[in-house]
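The structure appears right after this line, and notes come after that.
Coordinate-derived values only; no laboratory data. All values derive from a computational prediction rather than experimental measurement. FYI the Cβ positions are ideal-geometry reconstructions off the backbone, even for glycines, and counts take in every protein chain you see.
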Amino acid sequence: MSHKKVTGNTASQAELDAFRELQQLAYQAASDVAASLEPGVTEREAARRVREHLEARGVQDWFHTPFAWFGDRTAFRDFRVPLQFFPTRRRLEEGMPFILDCAPVRDGYVADIGYSGYLGENPLHDRLMDDLRAHRRLIVEKVREGNTLQDVYRAVDALIREQGYDNRHQVYPGRVIAHQVGKVESRLPKAIVAGFGIRSLQTLFGDLIVERAHHRSPLWADGDISAHPATPGMWAVEPHIGFRDIGVKFEEILVVTSDDAYWLDDDLPHVTRWSQRTLSDVGSKDTAAPLTTVGASEETATV
């Protein structure tokens, strides 16, 4: 096994293009499956469709297999243990929000994406998605300024509160908002354990050991281990906000170099959506009053 850091300083254009191409493929799979969803489909069926779509297009392995969350499960309400993240027999209904999340591996390259949508009409979901735009801008600006990951996390948390929402990425194991990704190079056989590819996990655990030796972590959260600027490399970033029984998120790769940070690709569904919205349509903090958070759970699923 090797741990290859793919950064803006060391990656070839071909490598960056390969990561971008796979990220595009993953988002296309999520978009195509989202368009196919109908009342009565289960989370398990939606996740299966995403997996089959990607495996038919050359995906050979997984960082994690696809997840699907419907209804209040998009906001991780009452999640206590990691098993609750796995797809269930929850059925989709009209007006119900959903999130599709997948992390395919192809030729060693990794993508990790999150797609938020709803069936039918849901104006409140539109409002949350509009407000999520500010988080994408905030994250890249704060990383460019050299802020610590801990401070960026706290700045995102402050913006969430200002908007009247609550932080839902804190429910992920480790409270992570992001994790590093790199090219997976392992001699282990391809196998899935508890939804995660063992070759990707081997690489992640190796990176944890290496980074901890330098008092850093490849997992981006709000603890003291994240009290350092972003390590140059590629980070899968997923701000996740919630209001009552609705949760929305995006997840995409942020490239960090020794002196810059930028999103790997701007041609993604959520970015395209924002660019098509007129200023008068956008329910941002500049154009609409914050919502009032109700019943926000502070529980975090533990490993």
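With each label modelled as a point 7 angstrom along the Cα→C-beta vector, the Glu145-His228 pair spans 2.2 nm. Looking at segment 58-166, what % of the alpha carbon pairs are farther apart than 26 Å? Roughly 33 percent, rounded to a whole number.
Packing-based ranking of 34-42, 140-148 yields 140-148, 34-42, ordered from highest to lowest mean Cβ neighbour count within 10 Å.
Per-residue packing, averaged as other Cβ atoms within 10 Å, sorts the ranges 120-127, 63-70 into the order 63-70, 120-127, beginning with the highest. Packing order of peptides 257-265, 84-92, 131-139, 104-112, highest average first: 104-112, 131-139, 84-92, 257-265 (average count of other Cβ atoms within 10 Å over each peptide's residues). Can you tell me the FRET efficiency between Ala56 and Tyr262 if r is taken as the Cβ-Cβ distance and R0 is 30 Å, rounded to the nearest 0.05? Plugging the Cβ-Cβ distance into 1/(1 + (r/R0)^6) gives 0.45. Annotation for Ile192 and Ser275: the two label points, set 7 Å from Cα along the Cα-Cβ direction, are 3.3 nm apart. When only alpha carbons are used to place a centre, segment 126-192 and segment 63-96 end up 19 Å from one another.
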